[in-house]
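Here is the structure we will look at.
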Amino acid sequence: MIVAIVGSIHMDFYIRLPKLPVPGETVLGHGFTMLPGGKGANQAVACSRLGAYTYMVGRVGNDIFGEKLIENFRKNNVDTKYIEVDKTTHTGIAFILLDEKTGENMITVAPGADYNVSAKDVDNAMDAISRSDILLLQLEIPIDTVVYAAKRAWEKGVRVILNPAPAASLPDEIYRYIHVLTPNRVEASLLTNINIESREDAVKAGKLLIDKGVDYVIITLGAEGSMVISKDFVRHIPAYKVEVVDTTGAGDAFNAALAVSLAEGKDIVEACRIANAAAALQITKLGAQSGLPTREELEEFLRKHRQ
Ligand code: RIB
């Protein structure tokens, strides 16, 4: 199995808080820590831990964070050949406020080098992308680069998964290149103008996205599980119940496990069930990558929690 990711690479700055602030409010926290993050990077590390040969395509700045993050990829056996060190700006940074009671967060990102990831970077990595079973994309790099990468992969017959996070609208052109689109409730609402409050709303939104040209839509609904929607069927896949420490990276674990499962030939419903399990494991630890399961851990979890 080979998965390529074109996306963001961040250093995440965490503060744990008794409650999240409202605008204008200062809340005293504790437990400051820096951990590797970025949706692209998290998904790459997750794919590698699950046993896929993984290419990361992206950029870091010429600074200590970039060095540490490349070291982290190497430790996790991610191929770093297509990561550029960008001398013009800083490595992408995220500030994460974590509510230690609920595990919910607030995140803000200074993209830095992420926003210089270009069509040229995609062209340079086309050898790797063409060889991949799946190309995995998110929205923390310029949208033009996302569209270009999706198009080039599609032309080569490589299946594209787009995780449309953080929420943003998409150009109509991109839908036809996408095999699976994986919005959460908020992202799906933004893409379709349908306010998603129930499973029925999710199905309506999913069908609309299918009509735009996507093969499958999976709308993730947090504790309520996921809806798999295609032209021919709709399935609800329940979530696994775990003790939540930090929800950061749940979507990344989900998308990576989905990519690896589809790469190894699982059908979309089974792949979604496995992805739900990976997301459940990820949220049991602090940090966007700390809870990303190895293949053995994921298989063990699935054995214990047969649905
Ligand atoms: O999906 C979680 C990630 O979003 C964090 O690691 C942070 O860097 C932001 O990009």
Original post:
Taking a quarter of the surface of the Cα convex hull of the stretch 263-307, what do you get in nm²?
Top reply: 3.4
Subject >> Using a Förster distance of 22 Å, the FRET efficiency for Arg74-Met34 (Cβ separation, nearest 0.05) >> reply: 0.75
**OP:** Calculate the length of the line joining the C-alpha centroid of the stretch 147-187 to that of the stretch 256-307, in whole Å.
**Re:** 21
**OP:** Principal axes first, then extents: for the Cα atoms of the stretch 85-156, list largest minus smallest coordinate on each axis, whole Å, largest first.
**Re:** 46, 30, 18
**OP:** Report Rg/Rh for the stretch 1-109, rounded to two decimals, where Rg is the Cα radius of gyration and Rh the Kirkwood radius.
**Re:** 1.04
Original post:
What is the extension gain from Ile64 to Asp144, computed as 0.36 nm multiplied by their sequence separation minus the C-alpha to C-alpha distance, in nm to one decimal?
Top reply: 26.0 nm
Original post:
To the nearest 20 debye, what is the magnitude of the charge dipole of the stretch 79-167 about its Cα centre, counting +1 on the Cβ of each Lys and Arg and -1 on the Cβ of each Asp and Glu?
Top reply: 300
**OP:** Pull up the cross-link candidates among the aspartates and glutamates for Lys120, meaning alpha carbon to alpha carbon under 15 Å and not fewer than 8 places away within one chain.
**Re:** Glu84, Asp86, Asp144
Subject >> Whole-angstrom gap from the stretch 84-104 to the stretch 190-255, using each part's C-alpha centre >> reply: 25
Original post:
Of Arg152, Arg303, which has the most accessible area and how do the rest follow, probe 1.4 Å?
Top reply: Arg303, Arg152
Original post:
For Glu155 and Val85 in one chain, what is 0.36 nm times their gap in residues minus the Cα-Cα distance, to one decimal in nm?
Top reply: 22.4 nm
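I need the semi-axes of the equivalent ellipsoid of the chain: take the C-alpha gyration tensor, multiply each eigenvalue by 5, square-root it, list largest first in whole angstrom.
26, 24, 19
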Subject >> Estimated distance in nm for a label pair at Glu197 and Lys304, the labels positioned 7 Å out from Cα along Cα-to-Cβ >> reply: 3.8
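Rounded to the nearest 0.05, what FRET efficiency is calculated for Glu100 and Ala167 with R0 set to 35 Å and r the Cβ-Cβ distance?
0.90
Roughly how many percent of the accessible protein surface of the chain is carbon and sulfur, given a 1.4 Å probe and a whole-percent answer?
Working: 6790 of 13220 Å².
Solvent-exposed carbon and sulfur of the chain make up 51 percent of the total.
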Original post:
What distance in nm separates the simple spin-label points at Arg131 and Asp267, each placed 7 Å from Cα in the Cβ direction?
Top reply: 3.2
Subject >> Candidates Leu28, Leu281, Leu209, ranked by Gaussian network fluctuation over the chain, Cα under 10 Å, top entry >> reply: Leu28
Subject >> Cα-based reach from Lys231 at 24 Å (exclusive), listing lysines while leaving out same-chain residues under 8 positions away >> reply: Lys151, Lys156, Lys204, Lys207, Lys212, Lys266
Subject >> Geometric extent, Cα atoms of the stretch 186-284 - Rg, Dmax (angstrom) >> reply: 13.1, 38
Original post:
So what are the three principal axis dimensions of the stretch 195-251 from its Cα atoms, in whole Å, longest to shortest?
Top reply: 38, 21, 19
Subject >> Estimated FRET transfer efficiency (Asp215, Asp123; beta-carbon r; R0 45 Å; 0.05) >> reply: 0.95
Original post:
Taking the Cα centre of the chain as the origin and placing charges on Cβ (Lys, Arg +1; Asp, Glu -1), which of Val242, Pro183, Gln289 is farthest toward the positive end of the dipole?
Top reply: Val242
Subject >> Projected area averaged over orientations for the stretch 114-267, convex hull of C-alpha atoms, nm² >> reply: 9.3
**OP:** Tell me which residues come under 5 Å, amide H to amide H, from Val160 once H is placed; ignore anything under 5 positions away on its chain.
**Re:** Leu135, His179, Val180
Subject >> Reach of Lys75 by Cα under 22 Å, taken over lysines that are not fewer than 8 positions away in the same chain >> reply: Lys39, Lys285
Original post:
To the nearest 10 square angstrom, what accessible area does Glu224 show with a 1.4 Å probe?
Top reply: 90
Original post:
Per 5 Å bin, what is the whole-percent P(r) computed from every C-alpha pair distance within the stretch 95-134?
Top reply: 6, 17, 13, 12, 11, 12, 13, 11, 4, 0
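The values are calculated or read from the model by the stated rules, or taken from the named source; none is laboratory data. Nothing here was measured: the structure is a model prediction, and the numbers come from that model. We place every Cβ from the backbone using ideal geometry, glycine too, and count neighbours over all the protein chains shown. To get the accessible areas, we keep the full protein, side chains included, count just its heavy atoms, and leave off ligands, DNA and RNA. Shrake-Rupley method; radii C 1.70, N 1.55, O 1.52, S 1.80 Å.
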